[in-house]
Amino acid sequence: MMYQLVLLLFLHFFSLFQGTDPLAATCRGRLQVQRAKLNQEINYQTMMRNGAEKLYRATSNKKLKETIALELNFVNSSLQVLKEQLAELNSSVQMYQNNSSIPTTPMVPLGLKETKEIDFKEPFKDFILEHYSEDDTKFDSAIQQLNKIRQAIRTPSRDSSGVKLLFQYYNLLYFIDKRFFASHRNLGLHFEWFDSLTGLPSMQKSIAFEKASVLFNIAALYTQIGAKQDRTSSDGMDAAVDSFLRSAGVFHYLKQNFSNPPSTDLSPEVLDMLTHLMLAQARECLFEKLIADSEKRNLSHCLDIAQEAAQVSEVYKQLHKLLSSTAIKDCVPSSWGGLMHVKTEHYAAISHHYVALGLIGQKDEISSTAREKLEHLHVDSKSNEKSEAKYVPQNANERFRLGRSHLHQSIALHEEALRTYRMCRQLQLIDSLHDLLQRAKENSVSLLSRLIEDSDQFQDVAEPLPIRASTKFQLKLTDPDLSQYKASDLFKALGPLKFFSAKRHWTAARIVELKKTNDDVSFGFSVKEDSPVVVTRVEIGGIAEACGLKEGDYIVAVNDQDTKWASHDDISRLIKGAGHQISLKVVTPMNWKYLHSRGGTAGMSVCSKSTSSSSSGVSSSSSRNPSPVGSVCSKESDKKGSWNPFRRRSSKDPLEASYITNVLYR
């Protein structure tokens, strides 16, 4: 018993160190566990249905077909129930909200995509042994660490440390992709992720799918962080706006860089909808801050707030139409559409309330600034082009009349919002939303009651014109800052990534033993460049030529000392300090044409004698990527790249030029 307790504590602290806390029994944690169970059950029922459909098409037995059809009906019914349960989980927005004493409108968070566990050990060890000709046991620790990191990203903590963990794993995938994934070989690894919205599994061999799923979870995590902020404080509002904008940026980045999506939640239509949803929620938080910071209640200021509220209402109105489209409505919970409708009516009501508040509170003559705003406040609802309807009240009587009409419209819109709230079963579970809507309605009713008490001369109330949506705040979308989260190459010992990668080939390593009789005789070769050092000149008739050293060879070890990352000066010191005998471990790089069409030994070019055992002798014909001696370089040989759904950018990948961890999509 004591041993189990110690083990649990160790796992707990290790998970916290990794940025995860799988033992935390929070509401959000339980919700994610329930989501994982539903995903597994949906996966099982989907496989049952696929098998039954194949059997139904294959058999000609009428009685068996009837039995299979009955089973299919049962499986489809079970799948429908499971999808409804998942939709209810996606509708459980109250689990992610901040429990503030002051009610605020709920925000829509996203659940994380679930994935199955992967063991990189056997595929990677085989690839290291066969492709790199390295001792695979030297990389057991690196593979174990990679497995732990991937296990940790399945349950990231709902804070900045969880975001950091996901970003670091995403950056780490750049190195994994370069080291182990190539078009000419299948590692046998399958990345399986469950759709966040439908629960259906998707599986691909491409590591690009893994990258996209991790980015989706980063965006989803930002939505949960934004939803849990205490928006009754200024700092909480700022944090919420920042989180939703970051989430929108990641979704937009995914849409721009990911094609051929295997799952619904990564489709362009859904990503576009999620981007607009996060932008709408960021704008709503900005509006809340605008109201909280407002102290002056003059007419001009109230008109500004009214147009900002109308802008929020218009954004949610367009979003509600987007959720009703054919490509989206079947994969998102119906409660999302209900919440968008409620917010559309709620903020439209607030815009009318503030117009009435400004008009009724205006005792003096209207200033020129306020008059100009009133001229552009309304739009003609009967016009298809939504042209301006200029109407400026000329006296106090007209201001009261116009203010009263706006109050009546505000109350009517609040009643519509409450009606929509009562019609949605999921929204009825959010008590804070009802309290907020009821309080807003009571504010308008109270103001109208005071207005009637002060003056009962108004008899007819005309319906006011719609308020023009306008904003002074522009939301800026930015791509995720991937360079902020560094990730180290776990398999750095394999050599510089630019040369020793899965897409490059070289001959098996060979040992070249060089001996000379005295100090006056050189070994007969020159080297240049760094990491790795390249043989650039071999003296004709010299010791190096006789021992089989070739121009273009990479020196990967000197006297059993690994030199893949050594500089030219390091190699020079090693060679000069070796005395009369030195052992070089070298490899010859190959391209595809060399690999498949050349069988004989490569010829050597004529080089002048070198007086030094190692010199920097820069030749104008040499390059940083020397072609194998005698091989024919062709553009076609470099066109064979692995399938990558991330679109290539026209700019050069910075990681190809330097070994920094600013990972960008390729």
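The values are calculated or read from the model by the stated rules, or taken from the named source; none is laboratory data. These figures come from a predicted structure and were not determined experimentally. Note that we place each Cβ from the backbone using ideal geometry, even for glycine, and neighbour counts take in every protein chain shown.
Every residue, every condition in (1) surrounded by fewer than 23 Cβ atoms within 10 Å (Cβ to Cβ); (2) in contact with a Pro (Cβ under 6 Å, 6 or more places away or on another chain); (3) touching a residue at least 24 places away in the same chain (Cβ under 8 Å); (4) assigned to a helix (DSSP H, G or I), yes or no:
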| residue | (1), (2), (3), (4) |
| --- | --- |
| Tyr222 | no, no, yes, yes |
| Asp230 | yes, no, yes, no |
| Asp238 | yes, no, yes, yes |
| Ser243 | no, no, no, yes |
| Ser247 | no, no, yes, yes |
| Phe251 | no, no, yes, yes |
| Met273 | yes, no, yes, yes |
| His276 | yes, no, yes, yes |
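Just to be sure before I move on: is Leu189 at pLDDT 95 or above and either aliphatic (A, V, I, L, M) or not in a helix (DSSP H, G or I) (or both) in the structure I sent?
So Leu189 fails the test.
Consider Asn298 carefully, then state whether it is surrounded by fewer than 19 Cβ atoms within 10 Å (Cβ to Cβ), within 28 Å of Pro480 (Cα to Cα), of a type in the set (S, T, N, Q) and touching a residue at least 60 places away in the same chain (Cβ under 8 Å).
No, not satisfied.
So Leu197 clears everything in (1) assigned to a loop (DSSP other than H, G, I, E, B); (2) in contact with a Ser or Thr (Cβ under 8 Å, 6 or more places away or on another chain); (3) surrounded by fewer than 22 Cβ atoms within 10 Å (Cβ to Cβ) except one condition, right? Which one?
Every condition holds for Leu197 apart from (3).
Condition test on Ser470, is it buried (at least 16 other Cβ atoms within 10 Å of the Cβ), free of Cβ contacts under 8 Å to residues at least 60 places away in the same chain, part of a loop (DSSP other than H, G, I, E, B) and more than 29 Å from the chain's Cα centre (by Cα)?
no
Given (1) of a type in the set (Asp, Glu); (2) at pLDDT 90 or above; (3) within 14 Å of Thr115 (Cβ to Cβ), identify the lone condition not met by Asp177.
Of the numbered conditions (1) of a type in the set (Asp, Glu); (2) at pLDDT 90 or above; (3) within 14 Å of Thr115 (Cβ to Cβ), the odd one out for Asp177 is (3).
Condition first: outside any helix (DSSP H, G or I) and acidic (Asp, Glu). Now tell me which residues in the stretch 112-167 satisfy that.
Within the stretch 112-167, Glu114, Glu117, Asp119, Glu134, Asp135, Asp159 qualify.
Quick one: in the stretch 205-227, which of the residues that are hydroxyl-bearing (Ser, Thr, Tyr) and more than 19 Å from Ala239 (Cα to Cα) is nearest to the chain's Cα centre (by Cα)?
Restricting to residues being hydroxyl-bearing (Ser, Thr, Tyr) and more than 19 Å from Ala239 (Cα to Cα), the top hit is Ser213.
List pairs: first in the stretch 394-414 and modelled with pLDDT of 80 or more, second of a type in the set (Lys, Arg) and buried (at least 20 other Cβ atoms within 10 Å of the Cβ), Cβ under 6 Å, 6+ apart or cross-chain?
Partner pairs satisfying both residue conditions: His414/Lys441.
So, Thr344, is that one surrounded by 18 or more Cβ atoms within 10 Å (Cβ to Cβ), at pLDDT 95 or above, within 22 Å of Ser313 (Cα to Cα) and in contact with a His (Cβ under 8 Å, 6 or more places away or on another chain) or not?
In short, yes.
Got a sec? Which of Ala292, Ala309 is surrounded by fewer than 24 Cβ atoms within 10 Å (Cβ to Cβ), assigned to a helix (DSSP H, G or I) and in contact (Cβ under 8 Å) with a residue 24 or more places away in the chain?
Ala292
Is it the case that Leu477 is hydrophobic (A, V, I, L, M, F, W, C) and touching an Asp or Glu at 6+ places or on another chain (Cβ under 9 Å)?
No; evaluated as a whole, the condition is false for this residue.
Taking the stretch 477-496, which residues are in contact with a strand residue (DSSP E or B) (Cβ under 8 Å, 6 or more places away or on another chain) and farther than 16 Å from Asp553 by Cα?
Result: Ala493, single match.
Would you check which residues across the stretch 122-154 are free of Cβ contacts under 8 Å to residues at least 60 places away in the same chain and of a type in the set (Ser, Thr, Tyr) and list them?
Thr137, Ser141
Go through (1) touching a Cys at 6+ places or on another chain (Cβ under 8 Å); (2) over 15 Å from Ala557 (Cα atoms) and name the single condition Phe499 misses.
(1)
What residue, of Glu513, Glu545, is at pLDDT 90 or above and under 56 Å from the mean Cα position of the chain (by Cα)?
One residue alone meets the criteria, Glu513.
What number of residues in the stretch 135-159 are in contact with a Leu (Cβ under 7 Å, 6 or more places away or on another chain) and of a type in the set (S, T, N, Q)?
Counting residues in the stretch 135-159 that are in contact with a Leu (Cβ under 7 Å, 6 or more places away or on another chain) and of a type in the set (S, T, N, Q) gives 1.
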